[in-house]
Amino acid sequence: MASVIILGDTSGSVTITAPAVAGTPTLTLPTTTGTILTTASTAVVTQAMLSTNVVGNGPAFSAYQSSATTITNATWTKLTFDTETFDTNSNFASSRFTPTVAGYYQVSSSWQAGFTASFGGIAFYKNGTVWQYGGFISATSVGVQAGASALIYCNGSTDYIEIYAYQATGSSQNTTTSSSATTWFSGVLVRSA
C-alpha cells in the first residue's frame with residue numbers, strides 16, 4: 001500500500017494510506033476550511049451537518065396518561081396524555097404532538113380500560129381530522145385495549161397529531177389511570193422531508 005506522510009510544523013505527522021483495493025478511489029477535500037471527522041472523533045455531528053434525508057437527532061417524544069379520560073359511548077374522544085417520559089425538542093404539549101421539523105413521523109399509541117365493551121378503537125387525528133384508524137379490539141371479561149402505529153407526514157410548522165379513542169358499552173367509561181404501560185402516545189422522526 002502506498003502512503004503519503006505529511007509532517008507537522010513542530011512535531012508529529014499525518015499519514016494518508018491508499019486502500020488495498022483495485023480501482024482508483026478519489027478523496028476530494030472541500031474548498032472551505034473545516035475539520036474532517038473520523039470514527040475516532042469526539043466532535044458532535046449536528047443535524048445541520050447531515051445531508052438531506054438523514055434523520056440524526058430529530059424530534060422524539062413519549063407521554064402517558066396518569067389520570068383517567070372519560071370516553072363517551074359511541075363517540076370519538078380525544079385522549080389526554082398529561083405526563084411526558086421525554087420530549088427531545090419540546091414538540092409535545094396539551095396531548096398534542098406538533099413537530100417543528102418537516103418529515104415523516106412514526107407514531108404509536110395504546111389505551112386500555114377495565115370495562116367490558118362490544119369493542120374499542122383508536123385513531124390518529126391530524127390537524128383535528130381523522131387520519132388513520134387503528135385497531136378495533138373486541139373486549140373480554142378483563143376489559144378493552146386498542147393500539148396502533150402509523151407513518152404520518154408533518155410539515156414542520158402547522159401540522160399536529162392527536163389520539164382519539166372509541167368505545168361501545170352503552171355508557172361513558174374511564175380509561176386506565178396512572179399507567180405508562182397501558183395508555184400512552186409516542187413518536188419519532190424517521191425521515192426528513
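Where a number appears in this text, it was derived from the coordinates with a stated rule and is not lab data. Please read all numbers here as calculations on a predicted model, not as lab measurements. Virtual Cβ from ideal backbone geometry, glycine too; neighbours counted across all protein chains shown.
What are the ³J(HN,Hα) couplings of the range 19-31, residue after residue, when phi is run through the Karplus curve with 6.51, -1.76, 1.60 and θ = phi - 60°? Round to Hz, x for glycine and proline.
Listing the rounded values in order: x, 8, 9, 6, x, 10, x, 10, 9, 10, 8, x, 7 Hz.
For a quick size check, give me the Cα extents of the range 61-192 along its three principal axes, largest first, whole Å.
Taking the Cα atoms of the range 61-192, the three principal extents are 43, 25, 19 Å.
Using per-residue counts of other Cβ atoms within 10 Å, averaged over each peptide, order 105-114, 67-76, 180-189, 19-28 from highest down.
Details: 105-114: 21.9, 67-76: 15.3, 180-189: 20.4, 19-28: 6.4.
Those peptides, ordered most packed to least, come out 105-114, 180-189, 67-76, 19-28.
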